[in-house]
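These notes are about the structure you will find just below.
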2 protein chains.
Amino acid sequence: MAQLVVMYKTPKDPAAFDKHYFEIHVPLAKKTPGLTKYEVSRGPVATPAGPSTYHLLALLHYDDVAAIQKALASAEGRAAVADLQNFATGGVDILIFDTCPA
Amino acid sequence: MAQLVVMYKTPKDPAAFDKHYFEIHVPLAKKTPGLTKYEVSRGPVATPAGPSTYHLLALLHYDDVAAIQKALASAEGRAAVADLQNFATGGVDILIFDTCPA
């Protein structure tokens, strides 16, 4: 299993972000080939010491890193990445990795 | 469901980090009350543009954020947090959030 973790920093207008994210971006990301599970954070993203700089985290699951690379290179993946500029006004950090049980 | 995501920046000695992490830290973290699933990254943590600044990510699952706060406040959680200084020489970012399906 592998994950594409998309970490959205707090945007200029969180309400507008949420509307665009759930109405436009989630349907685009769901079309990427190989996606097996798609989770998002609900409520605040915190740290042990208090609030974080992140507004929302998205955890997209694929079979392996090769599948993530294929998804990002696909037309659907390119459309989802291109959509980021339409709402991710706080910036975004993206991490890609294979996972295994600890 | 909720996750405690521990993001370890590249340490000074990755081999020593890995040895301590899997031999000492994982057993400590597994003792925290309420832990339901524990995944780690396997291999490099990348970004779409290339390598990331992270060496390893740990994804610890609990029922909700309240369970994570209880776990961190427990004797077992305090022992796991105190152990970080013994191996996390690159620094660590920790995020806590509830999750739901997108």
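Computed from the coordinates by the stated procedures, all read-outs in this text should not be read as laboratory data. Because the structure is predicted, anything quoted here is derived from the model rather than measured. Glycine gets a Cβ as well: all are built from the backbone with ideal geometry, and neighbour counts include every protein chain shown.
Brief remarks follow.
- Taking the empirical scaling 2.2 N^0.38 Å for compact globular proteins as reference, chain A has a Cα radius of gyration ratio of 1.07.
- Less than 5 angstrom separates the built amide H of B:Leu35 from none of the residues sequence-distant by 5 or more or on a different chain.
- Percent RCO, i.e. relative contact order, over the range B:1-73, from Cα pairs under 8 Å lying at least 6 residues apart: 51
- Other residues with beta-carbon under 10 Å from the beta-carbon of B:Gly77 carry, at +1 per Lys or Arg and -1 per Asp or Glu, a net charge of +2.
- Summarising the amide proton neighbourhood of A:Val40: residues at separation of 5 or more, or on other chains, whose placed amide H is nearer than 5 Å comprise A:Leu59, B:Cys100, B:Ala102.
- Tensor-based shape of the range A:16-57 (alpha-carbon gyration tensor, a/c under 1.5 rounded, otherwise prolate or oblate): oblate
- Pairwise FRET efficiency - A:Lys31 versus A:Thr53, Cβ, R0 = 30 Å, nearest 0.05: 0.55
- Highest-MSF residue in chain B out of B:Thr47, B:Thr32, B:Thr89 [GNM, Cα springs under 10 Å]: B:Thr47
- Taken one residue at a time, the phi angles of the range B:40-47 give Karplus couplings (6.51, -1.76, 1.60, θ = phi - 60°) of 10, 6, 10, x, x, 9, 10, 10 Hz. Gly and Pro are set to x.
- Using the Cβ of A:Val5 as centre and a radius below 13 Å, the other residues enclosed give a net charge of -4, where K and R count +1 and D and E count -1.
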